[in-house]
Protein chains: 2
Amino acid sequence: MTKPSIPRGTRDFGPEVVRKRQYIFNTIRNVFELYGFQPLETPAMENIETLMGKYGEEGDKLIFKILNNGLDNKDKEEKTRAALEKVLQGKTTSDLTERALKYDLTIPFARYVAMNHNQLTFPFKRYQIQPVWRADNPQRGRYREFTQCDADVVGSRSLLNEVELVNIYHTVFMDLGLKGYELRINSRKILTALAERCGGADQMINITIAIDKLDKIGLEKVKEELVVRGLKNDQIDIIEQYLKIDGSNEEKLKAIADLLTSTDAAAEGIAELRTVTETVNLKELIIDFTLARGLNYYTGIIFEAKAPPQVKMGSIGGGGRYDDLTGLFGVPNIPGVGISFGVDRIYDVLEEMNHFPPDVQVGTQVLLFNLGEAESKAAYKLMQELRLAGIRSELFHENTKFDKQFKYAEKKGIPYAIIIGSQELAAGEAVIKDLRKGTQLKVTMADAACYVFG
Amino acid sequence: MTKPSIPRGTRDFGPEVVRKRQYIFNTIRNVFELYGFQPLETPAMENIETLMGKYGEEGDKLIFKILNNGLDNKDKEEKTRAALEKVLQGKTTSDLTERALKYDLTIPFARYVAMNHNQLTFPFKRYQIQPVWRADNPQRGRYREFTQCDADVVGSRSLLNEVELVNIYHTVFMDLGLKGYELRINSRKILTALAERCGGADQMINITIAIDKLDKIGLEKVKEELVVRGLKNDQIDIIEQYLKIDGSNEEKLKAIADLLTSTDAAAEGIAELRTVTETVNLKELIIDFTLARGLNYYTGIIFEAKAPPQVKMGSIGGGGRYDDLTGLFGVPNIPGVGISFGVDRIYDVLEEMNHFPPDVQVGTQVLLFNLGEAESKAAYKLMQELRLAGIRSELFHENTKFDKQFKYAEKKGIPYAIIIGSQELAAGEAVIKDLRKGTQLKVTMADAACYVFG
């Protein structure tokens, strides 16, 4: 028998980790709901045509496909052979695989909105906290199964939504105790205007790709990359001026207006950034013209959340506005804006900052000792009262040595023990031990529940 | 473009459904934790050898297998051809698929315990609420992706665990308002003793299979089946007497002691049932000797929970004791006992009995109307106070007609509207409308938060 194991890039979450993850999920979920977002859950599996072609050629390869049922059975040899032949001839893979595991939450959300747009009330504000799967090469912090945590508003062009999303980020990070986080904001329209200033919108992609690397490679290498990508020196000068814009949000908005020619894109981008930053007015919200968010489908405001600087973690969330969520599924004209929390990284940040609340780390609160038939009967009765009072309690499963029962409490990190021996039973009393402080007191059984948790 | 759809047997859960499901999950989770059970989560994917051969030949076919990465790419033609050739020759499927979606929570739990048994503290009490996947033919109430909800204690032979699990069932069903539910209990040892009484333990399977059908086909057909399965008339007479045992739990225990010869199995089974039923002493806990729970791995006490009789739903949970959780993974001697809640059926029962609490059905609690720039600014300020007070609130996304904003609240089932028009703004007031009662009152803005939810 081979030793059991789990697939590379996947994880078991034991009790302590689940409790900490649940704390993060519950904090985020609570804020989403306070802001009027409604929960949605879509299946793990989607039809393969829903997913393929949505994430680029590289993405397609990273989608986990599910083998059609029966193809691994010997008795379906002919069917299997025929399916494979088609795959090998490059005709179709659908006889081999018709379903796949979802790769993100956005495409299934788009599919859901496209399927249900006649019944939904717009603006539709949904949040979704579910696992996704990617056949990426696993490495530190990158898993093949991980949880995404998204909130989107679709069917509204109002900047109120951007304001709300900024406040959601702020409330969640404050609730989690992440003082010092930063929320960077930019607009894709500013990047469009920069490209226009540098000789045309066709430079947009080249400029964006290069700028996106600034954090990693620094200004000089970005300039080299711009040269390689065919930009001329005077254009690169403008980009350098652009990247060096600094100061308060107000100063940055003034500087960018001076640098860019007054095109529609520039005017709109500046107005959007001004509205959002002035309405929210948070010191954590920082205009950052170097923020580009890759080559994706964003068209307006874009966000990126960064962990407090004392932990070197980088991005812990991001998002932005898009023009067309469901066009790919035949339903045009549904614009939206959304954000995402990087839950695995937030977990690591809280761990590193030692910021998980102590009570998240306690499972069972009280262990009642099992010291004989009559004693454990009294203990069981008391335990049911504790549970009614909301106190998580266990009675040790068998009458055995004190030591063994203490050890169990210690290993499980249970903070209190209640001991009812024959003496206590006769006197109608119980000994309550605070196992962390090492103190103990004797109370009447009737009072025990009050003593444990006030 | 084909109309988007989801795979057969899978479901999207919209906001109302997610909230109701979360209510059930949270109720169960809360009780599990009060009883000292700790959460565990395992990946959706397992290595295929972890799952195959654990659920019988039929089960193997119903496992969703994941295609190895790259096999659907044309450029890996040779690799794909070789993989397929091996499958077709019946050699191995591992070149085609190495991973599969989990089929239940028990085998991944066993795999987890086997992998971590040196670090775990026994008895290990875990609960797990996660989706599983089965390539079954979908039908009413049967899905290809559904959530299981299990609690198990492993590493303990104490009957205290059975008592605890009975109390968990009772507490959960009371918390959910399912008065009239029944928890049937039997012991596999009683069935063993019956087989012994009928001429030998080798009859156990034949008797169990037939008895298991009693609910569906009735006594006469069960007797016919026993004939077909080779049982003699005098044996069938004993089984008939067995199936007809009736009365209180006490009377049943007396009758079964009279009917069975006093073997070890009979004595142990009767003692177990007596201990558990007398310790718990609940009218809902009913000894039912016709309960068999199929041909699975149970060895001691078995349970089945039934919905209140006014809803024709049958089983809403089940479980039992087993001798050996992890032997299949090379770690012997870990006995345990576990129960499971049938969440989809419990959902249907609560729906049919109209038993979901009203507040589970409310998403956003307050819609603030958007009636102009200054007005909406005041409304936003008030909204942030409401949210701080824990009230789920939204500001309508744009300044538009009253009607449209009312309609949005109505469609979304939002119970309160707060209206701040130019008059109210000037007076520092707000109108609060109770949209369900059709009443309204005017309050100062400072008091609005208190008025909405007391």
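For this structure, a couple of remarks:
- Cleavage-rule hits, trypsin sites (Lys or Arg not before Pro), the stretch B:286-355, DSSP coil, Cβ neighbours within 10 Å at most 16: B:LYS312
- Along each principal axis, Cα extent of the stretch A:376-422, largest first, Å: 28, 25, 14
- Pairs spanning more than 27 Å between alpha-carbon atoms, out of B:LYS407/B:LYS437; A:LYS244/A:LYS306; B:LYS232/B:LYS283; B:LYS223/B:LYS283: B:LYS232/B:LYS283; B:LYS223/B:LYS283.
- Computed with the Debye formula from one identical point scatterer per Cα of the stretch B:362-452, without solvent, the log10 of I(q)/I(0) at q = 0.17 Å⁻¹ comes to -0.61.
- Close amide H partners of A:THR299, meaning residues 5 or more places away or on another chain with modelled amide H under 5 Å apart, are A:ARG321, A:TYR322, A:ASP323.
- A Förster distance of 51 Å, applied to the separation of the beta-carbon atoms of B:ALA389 and A:VAL228, puts the FRET efficiency at 0.35.
- q = 0.14, 0.20 Å⁻¹, the stretch B:84-232: log10 I(q)/I(0) [Debye, one scatterer per Cα]: -1.17, -1.23
- Cα Rg over Rh - the protein assembly as shown, Kirkwood: 1.01
- Stokes-Einstein D (µm²/s) once Rh is taken as the Kirkwood radius of the stretch A:288-405 over alpha-carbon pairs, at 10 °C in 1.306 mPa s: 81 µm²/s
- Alpha-carbon gyration tensor eigenvalues x 5, square-rooted, for chain B, Å: 52, 32, 20
- Spatially proximal aspartates and glutamates relative to A:LYS252 (Cα-Cα < 14 Å; intrachain offsets below 8 disregarded): A:GLU272, A:GLU278, A:ASP288
- For the stretch B:324-402 versus the stretch B:106-133, the gap between their alpha-carbon centres in whole angstrom: 29 Å
- One Cα centroid belongs to the stretch B:415-454, the other to the stretch A:171-214; the line between them spans 40 Å.
- Computed from the C-alpha gyration tensor, the three semi-axes of the ellipsoid equivalent to the stretch A:327-378 are 51, 21, 8 Å, from longest to shortest.
- Share antiparallel - DSSP beta bridges, the stretch A:362-452, percent rounded to 5: 60 percent
- For the protein assembly as shown, share of DSSP beta bridges that run antiparallel, in % to the nearest 5: 80 percent
- Pairs beyond 22 Å (Cα-Cα), from B:LYS3/B:LYS102; A:LYS102/A:LYS312; A:LYS20/A:LYS411; A:LYS216/A:LYS312: B:LYS3/B:LYS102; A:LYS102/A:LYS312
- 16 Å Cα-Cα reach of A:LYS404 towards lysines, excluding residues that sit fewer than 8 places from it in its own chain: A:LYS412, A:LYS433
Any read-out appearing in this document is the output of simple, stated calculations on the displayed coordinates, not a laboratory observation. Here the structure is a predicted model, which means the values were calculated and not measured. Positions of Cβ are generated from backbone atoms using ideal geometry, with glycine treated the same way; all protein chains shown enter the neighbour counts.
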